[in-house]
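A.B. asks: Okay, handing you the structure first.
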Amino acid sequence: MKLRSLGCALLAAGLLASGQTATAATEAAACTWKPTALGSGTSVSAQVTATDDKGNFAGWALPNDNFGTLRRAASWTGGTFKDLGTAGTDGAVVTAENRSGAVAGTASYAMFGSGLFFEKAFKSSGGTLVPLPFPASGQYTRSAAVGITDSGDVIGVLRKQDGSGLTPVRWPAAQPGVVTPLTGVPSGVGPAAVDADGTVVFANGDLWRDGTVTHLGTLPGLKYASPDNIKNGRVVGYGVYNGKNVGVYWDQQHAAHVLPKSSYNLSNGNPGFSINAGGVITGRVDEANGGNDLAGTGYGVWDQGTFAGTFGDLKADLPVVIGDDGTAGGYRYDSATRHSTAYVWRCS
């Protein structure tokens, strides 16, 4: 039986016994990813960076190539583009979106010639981007949003002007104007991603939830493991396994698994690994399966650690997020113009 969508396959797979997961992956391998370009008004460049898991997306758009014009936060609802603005700064990028369509991100600005650079976390409220507050102490001038929970809490970091003093924090939705440090978190380590329920995975593999810290598992031969994303208690990231760059998947019991036929390249800034609530993963495939390690292109799909097939056009498609509905969002990049076009892909 051919599944109607990969999203359905993977959400169903989460309910299947382990012996049936391979069957779901086999069905998913037959999937054809159909690309659709997203309009961005008169902007010259745009990328999808977040999803509400219902087929809507957010990210950024670049109005023009003029000096001093930076990116603007953007959303696509039902495929319709909306310029969300810059939260009162020179530029803004959405980093996360929850199931209610609320976004969080980071706005930035620089004082030309001064060497000073400022970042400020924001969230959306009533269709407007609202800058999030700093503590009253005045020691921090930089903040960044990493994720937003389904309840609207924003998780991010504070820094001093020189980048030091990294402090993970939460801006609680129920207390506008308040920012609170996360208690019991690893010192000097920033959050990598935030789950819908408020679980935070840190760059060192620590999982934090309401002050309680647990740690992701490891494997013999696995080094430098680092998480990229978390969803429904499952984590995906990358590492080096017996000398090979690989993707890594951690199940809901925190056990580590190497993603077969996977690879990664951090040097070019292309998308990493993404995961949805059903356990579908997108990320780089290795060169034996059509990837290009130097260029950082060639993506694949995994079902809870089982390879399900390659993703779309191996040379052009760069998926950033995979939604719970099985729709992926990302971009294609034109090296000649140095512009990107926002895209969505649906499995059929």
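The values are calculated or read from the model by the stated rules, or taken from the named source; none is laboratory data. Keep in mind the model is a prediction, meaning the values are calculated, not measured. Glycine also receives a Cβ, built like all others from the backbone with ideal geometry; neighbour counts cover every protein chain displayed. Accessible surface areas use protein heavy atoms only, side chains included; no ligands, DNA or RNA. Shrake-Rupley method; radii C 1.70, N 1.55, O 1.52, S 1.80 Å.
A.B. asks: More than 22 angstrom separation, counting every C-alpha pair in region 85-175; what % is that?
C.D. replies: 23
A.B. asks: Which whole-Hz ³J(HN,Hα) couplings does region 300-312 yield from phi under the Karplus relation 6.51 cos²θ - 1.76 cosθ + 1.60, θ = phi - 60°, glycine and proline marked x?
C.D. replies: Once θ is set to phi - 60°, the couplings for region 300-312 become x, 10, 10, 10, 6, x, 9, 5, 10, x, 7, 10, x Hz.
A.B. asks: What's the lysine pair count for the chain at a Cα cut-off below 20 Å, pairs eight or more apart or interchain?
C.D. replies: Eligible lysine pairs with Cα atoms under 20 Å apart amount to 12.
A.B. asks: Continuing with this model, one more query. For 215, 257, write out the residues from largest to smallest accessible area, computed with a 1.4 angstrom probe and no ligands counted.
C.D. replies: Numbers: 215 100, 257 70 Å².
Accessible-area ranking of 215, 257, largest first: 215, 257.
A.B. asks: Assuming a viscosity of 1.002 mPa s and a temperature of 20 °C, what translational diffusion coefficient in µm² per second does Stokes-Einstein assign to region 269-326, Rh being the Kirkwood radius over Cα pairs?
C.D. replies: Stokes-Einstein gives a translational diffusion coefficient of 190 µm²/s.
A.B. asks: Further question: Can you sort 82, 231, 315 by 1.4 Å-probe accessible area, starting with the largest?
C.D. replies: Largest accessible area first, the list is 315, 82, 231.
A.B. asks: Which residue, 297, 309, 248, has the largest displacement toward the positive end of the dipole of region 236-317 when charges sit on each Cβ (Lys, Arg +1; Asp, Glu -1)?
C.D. replies: 248
A.B. asks: Largest first, please: the extent of the C-alpha atoms of the chain along each principal axis, to the nearest Å.
C.D. replies: Rounded to whole Å, the extents work out to 56, 47, 37 Å.
A.B. asks: Let me have the relative contact order for region 192-260, percent, based on Cα pairs under 8 Å that are six or more residues apart. Please list the in-between numbers first.
C.D. replies: On the way: 150 pairs, mean separation 17.3, N = 69.
Computed over region 192-260, the figure is 25 percent.
A.B. asks: Viscosity 1.002 mPa s, temperature 20 °C: Stokes-Einstein D of region 210-269 from its Kirkwood Cα radius, in µm² per second?
C.D. replies: Approximately 179 µm²/s, per Stokes-Einstein.
A.B. asks: Relative contact order, percent, of region 309-348 when contacts are C-alpha pairs under 8 Å separated by at least 6 residues?
C.D. replies: Working: 51 pairs, mean separation 12.2, N = 40.
Across region 309-348, relative contact order equals 30 percent.
A.B. asks: Using 0.36 nm per residue, how much length does the chain from residue 255 to residue 151 gain when fully extended, once their Cα-Cα distance is taken away?
C.D. replies: Net length gain for the segment: 34.7 nm.
A.B. asks: A further question on this structure: Restricting to Cα pairs below 8 Å that are 6+ residues apart, what does the relative contact order work out to for the chain? Please round to a whole percent.
C.D. replies: 17
A.B. asks: With Cβ to Cβ distances under 12 Å as the rule, what net charge do the other residues near residue 75 carry (K, R +1; D, E -1)?
C.D. replies: -1
A.B. asks: Compute the separation of the alpha-carbon centres of region 93-168 and region 210-235 and state it in Å as a whole number.
C.D. replies: 24
A.B. asks: Under a point spin-label approximation (7 Å from Cα along Cα-to-Cβ), what is the residue 83-residue 316 distance to one decimal in nm?
C.D. replies: Computed distance between label sites residue 83 and residue 316 equals 2.8 nm.
A.B. asks: Right, something else. When the gyration tensor of region 178-280 is built from Cα positions, what are the square roots of 5 times its three eigenvalues, in whole Å, from largest to smallest? Could the numbers behind the result be given before it?
C.D. replies: On the way: eigenvalues 106, 40, 38 Å².
Calculated on Cα positions only, the semi-axes equal 23, 14, 14 Å.
A.B. asks: Then there's this: Which order do peptides 217-228, 48-59 fall in by mean Cβ count within 10 Å, highest first? Before the final figure, lay out the partial values.
C.D. replies: Details: 217-228: 15.7, 48-59: 24.3.
Ranked from most to least packed, the peptides come out as 48-59, 217-228.
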